[in-house]
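The values are calculated or read from the model by the stated rules, or taken from the named source; none is laboratory data. Keep in mind that this is a model prediction, so the values were computed, not measured. Cβ placement follows ideal geometry from the backbone for every residue including glycine, while neighbour counts extend to all protein chains displayed.
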Amino acid sequence: MTLPWDAATGDAIGATWLLAAIAPGGAFGRQARERERTFRRGDEARARERIALVDRAARELDDARLGALRAAIAAAPDPRAALLRASAGGVLGDVDFFELSRFLDSLGEVAALLAEGALPDLDVPAGGAALRATLAAGRTPARTFYLDDGFDPALAAVRSAFAAAQAAYDAARNRLVERVARQVGVDRVRDGEFVLMRDALSGPVPAGVRVLREAPTYFLCEIALDEAAVAALAARDAAAARVADAEEAVRAELSARVAEEAVELARACDVLGELDALCTRAQFARRYACTLPAIPLESRVSFTDARYLPLEETLGRHGRAYSPVSLELAGMGVVTGPNMGGKTAALRTLGFLAACVALGLPVPAAAAGVPLFDDIAWIGIGAEAADDGLLSAFGGEVVALRGFLERTGPRPLALVDEFARTTSPREGRALLIALLEALRERGALGLASTHLAGIAAAAGLPHFTSGGLRALEARDGPPLALEAALARIARAMDYRLTRVAEEAVPAADALALAEALGLAHDVIERARAELG
Amino acid sequence: MVGTSKNAGKSVVIRALAEALWRAGEAFGLCTIGRDGEAADALDGTPKPRFFLRPGTLLATPTSLVPRSPALEIVAVTPERSALGPIVLARVRAPGFVEIAGPPSSVALRRIAAALGEDGRFTLIDGAVDRIAALRDGDDAIVVATGAASAPTLGHAVDDVGALVARLRLPAYDAARPCVRVAGALTAAAAASFVRADERRQIVVRDATHVAFGGRAFTDVAARLDLRCERALRPVACTVAPLGIDRAFEPRAFARAVAERTGLPTFDVYAGTVAGPAAA
């Protein structure tokens, strides 16, 4: 699957997490994913159709049925190599028939699960029923496969003849074995190579014993077949050859039946893969209460109560609630606000929703309109170019940005997280404004987070503020443990994204946050004094 | 089944056990760590006993070695793979010769042996000393094969099998006493440093396969150190193959010497005799 984002962006916007969350369960699904392409500009109609199908599957199939479908698909072995061989006139082996039977079982199971009123228009091939009935002659109650006599009455006849011939040969050989045992005075000699001690023999090695090797104190021997035993052996081998011919004839017949249905069954493999991908997405949509997004053609995004799921999951593990984000934006916008106020989370949420739509998924939001993009890029913190330590943080950001600007086409999704924060504020501000103007000229949609003042006004972009520290709960005593300190800050933080005047001065609660995180009191007080 | 060397007679013993189980009317499972049952050894071309298996036997072998005739009942295609393809579990429905091969890793062999042994079925594993990890803790029996092909003289062969059995019999460590745990394998160099330091604590390895030296070196070290393991094994018998390609040992003396050295019943399936504790 070719993705419209690079690895760093994938990590930053949670797309890597998302791809893992919708990883297919079986080989067919994995192959389907390899064939998949993400939706890009121009694919809006197909994306709407696809997401609608996922949404419908999520609503019409409950968790149990989705799980059963995925399990049935995952359990299905891949029959395509056998289908190819059968189509080319090859004679399949019993393992092939066993695996084909299992595949047909899975196909039947899938068809039954979908036949119960769910997704009636899903194009699951009904083929295979006739072949399944044919192969049923070889299925045991334990679902094993044997080239059973039921396939051809001739098999029973030749096998019965073989059993009789084997018994006759065993009897002839046993007579010889017992005779030799009597002659050498032991209860039984081994049917195979055996040792006769020289000092235990009163005369020469008995007739009917072939000496293979001589040692100073013993002979290594085996039973020599007499005429009757040789004849019985020849009859046994001839009977075995007739069994082999009859078995091969049945396999050839079965292989021809497989070849007749090969095209339809190969198509079924593809459909199972697509169904695996669909069920995985439907499970995702159900688990995270996703909704059907609108996919506008223009460069405009809107969402209400959207959730950045990787963070929501992490917070959940720590017993904390996630605050959903809402936004309406056309083109680029600037987000300011205090540290830990959700600026970066807002950028990630926008990128995550765009990734969901690109992957054909409903989105985790109460409502959303998210367009498709040819390029989604994370610029700034976390998107530094790999350089083996040759570049500074700023240098890494610039090199990564250069790559993005050189490759990107019109209307990318640009998520700029505190770009140029590690250089001088004056030049960093100038660079950020210039970057935003360049992005606007390219028709980019996106957000830029910054602590620098006046960026939105200078770039002529809408200004949002995220987060605001209300009064922290009063407390005395030693600094809280990190987990408790974070929970206290979260209770006091307003994470809503609000549009403010372009020239509004960004809120700054750095000292209050540092104090809440337990930084030494004297350091905080000196900082306050410094600020006057 | 493990052997002191290649051509120690493991496969002959497996074949004898298979025949005995069939005569006793007991269905059993059969698998191998290597490749067995082929007419000639794949490595050195020497003749090898093929497995003539009777109905009811459950075996594990790669897809490519499943015989066309007589047809086997295909029970499962396992996720384990060998160089010859995925490993299949199959049941013999008509008597015939079968070639079997196994996965390269102990972990995979253990899973296969577990699948074969479901329902309490007796399972034979044609194994190797360094694949003992395929056994369950203490539950499974180990039979040690030695033969004239394994050593230049009867005395050497007896020393080797004695050292191997002693190694397989490493006792479980005593948690109440001080010990030194060896991560990974106990090498000869590490053992020598323990000896030089006159180490009195228990030297604990994971199991006998984590002692990376055998023969007389092991016997000498075991006499000076308190070697122990976390996972004790259960060697129950030895077998002897008195005739090698280049030499022959006197069968009764060989079996007797092995039994005396190891204290285990020692079977000569060629001569149909047993020496040692079980002989009485």
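Checking A:GLU312, A:GLU328, A:GLU298 one by one, the residue that is among the acidic types (Asp, Glu) and either within 20 Å of A:LEU361 (Cβ to Cβ) or touching a Leu at 6+ places or on another chain (Cβ under 9 Å) (or both) is A:GLU312 and no other. Regarding region A:279-288, can at least one residue be identified that is touching a Phe, Trp or Tyr at 6+ places or on another chain (Cβ under 7 Å) and part of a helix (DSSP H, G or I)? Checking region A:279-288: not a single residue is touching a Phe, Trp or Tyr at 6+ places or on another chain (Cβ under 7 Å) and part of a helix (DSSP H, G or I). Pairing each residue of region A:203-218 that is without any contact (Cβ under 8 Å) to a residue 60 or more places away in the chain with any residue that is part of a loop (DSSP other than H, G, I, E, B) and not hydrophobic (A, V, I, L, M, F, W, C), provided the two are 6+ apart or on different chains, yields C-beta distances under 8 Å for A:GLY208/A:ASP226; A:LEU212/A:GLU193; A:ALA215/B:PRO242; A:ALA215/B:GLU250; A:PRO216/B:GLU250; A:THR217/B:GLU250; A:TYR218/B:PRO242; A:TYR218/B:GLU250.
Here the condition is being outside the structural domain of B:ARG216 (by TED's automatic domain parsing), part of a helix (DSSP H, G or I) and modelled with pLDDT under 85; of B:ALA149, B:ALA133, B:ALA108, B:ALA115, it holds for B:ALA133 alone. When A:THR16 is tested against (1) among the hydroxyl-bearing types (Ser, Thr, Tyr); (2) in a helix (DSSP H, G or I); (3) modelled with pLDDT under 90, just one condition goes unmet, and that condition is (3). Scanning region B:84-120 for residues that are within 14 Å of chain A (Cβ to nearest Cβ), surrounded by fewer than 17 Cβ atoms within 10 Å (Cβ to Cβ) and closer than 24 Å to B:ALA141 by Cβ yields B:GLU118, B:ASP119.
This table checks each residue for (1) under 30 Å from A:GLU34 (Cα atoms); (2) buried (at least 24 other Cβ atoms within 10 Å of the Cβ); (3) in the same structural domain as A:MET493 (by TED's automatic domain parsing); (4) out of contact with any Phe, Trp or Tyr (no Cβ under 8 Å at 6 or more places or on another chain).
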| site | (1), (2), (3), (4) |
| --- | --- |
| A:THR304 | no, no, yes, yes |
| A:VAL334 | no, yes, yes, no |
| A:THR349 | yes, yes, yes, no |
| A:CYS356 | yes, yes, yes, yes |
| A:PHE373 | yes, yes, yes, yes |
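None of B:ALA197, B:ALA241 is touching a helix residue (DSSP H, G or I) at 6+ places or on another chain (Cβ under 9 Å), over 20 Å from B:PRO171 (Cα atoms) and not polar (S, T, N, Q) except B:ALA241.
Looking across region A:142-162, the residues that are facing chain B (nearest Cβ under 10 Å) and exposed (fewer than 15 other Cβ atoms within 10 Å of the Cβ) come down to A:ALA142, A:ARG143. Can A:PRO24 be described as modelled with pLDDT under 90, part of a loop (DSSP other than H, G, I, E, B) and in contact with a Lys or Arg (Cβ under 7 Å, 6 or more places away or on another chain)? For A:PRO24, the condition - modelled with pLDDT under 90, part of a loop (DSSP other than H, G, I, E, B) and in contact with a Lys or Arg (Cβ under 7 Å, 6 or more places away or on another chain) - is met.
Taking (1) over 25 Å from A:LEU104 (Cα atoms); (2) over 17 Å from the mean Cα position of the chain (by Cα); (3) in a helix (DSSP H, G or I); (4) at pLDDT below 95 in turn, A:ARG41 satisfies each apart from (3).
For region B:218-262, the tally of residues that are away from chain A (no Cβ under 14 Å) and either crowded, with 16+ Cβ neighbours inside 10 Å or in contact (Cβ under 8 Å) with a residue 40 or more places away in the chain (or both) stands at 23. For region B:65-95, the tally of residues that are under 17 Å from B:PRO55 (Cβ atoms) and of a type in the set (Ser, Thr, Tyr) stands at 1. The residue that is farthest from A:ALA82 (Cα to Cα), counting only those in region A:248-268 that are among the basic types (Lys, Arg) and more than 14 Å from chain B (Cβ to nearest Cβ), is A:ARG267. A count restricted to region A:33-56 and to residues that are of a type in the set (Lys, Arg) and in contact with a Leu (Cβ under 6 Å, 6 or more places away or on another chain) stands at 2. Here A:ALA64 clears all of (1) closer than 30 Å to A:ALA252 by Cβ; (2) surrounded by fewer than 18 Cβ atoms within 10 Å (Cβ to Cβ); (3) small (Gly, Ala, Ser); (4) over 18 Å from the mean Cα position of the chain (by Cα) except the condition numbered (1).
Taking the criterion of being small (Gly, Ala, Ser), out of contact with any Gly (no Cβ under 8 Å at 6 or more places or on another chain) and not in a helix (DSSP H, G or I), would at least one residue in region A:92-104 satisfy it? There is at least one residue in region A:92-104 that is small (Gly, Ala, Ser), out of contact with any Gly (no Cβ under 8 Å at 6 or more places or on another chain) and not in a helix (DSSP H, G or I). When A:PRO338 is tested against the conditions (1) part of a strand (DSSP E or B); (2) at pLDDT below 95, the lone failure is (1).
Quick check on region B:68-83: of everything there that is closer than 18 Å to B:GLY34 by Cα and out of contact with any Lys or Arg (no Cβ under 8 Å at 6 or more places or on another chain), which residue is nearest to the other protein chains (Cβ to nearest Cβ)? Result: B:PRO79. Which of the residues spanning region A:54-109 are over 24 Å from A:LEU278 (Cα atoms), touching a Ser or Thr at 6+ places or on another chain (Cβ under 6 Å) and within 12 Å of another protein chain (Cβ to nearest Cβ)? Matches in region A:54-109: A:VAL91, A:LEU92, A:VAL95.
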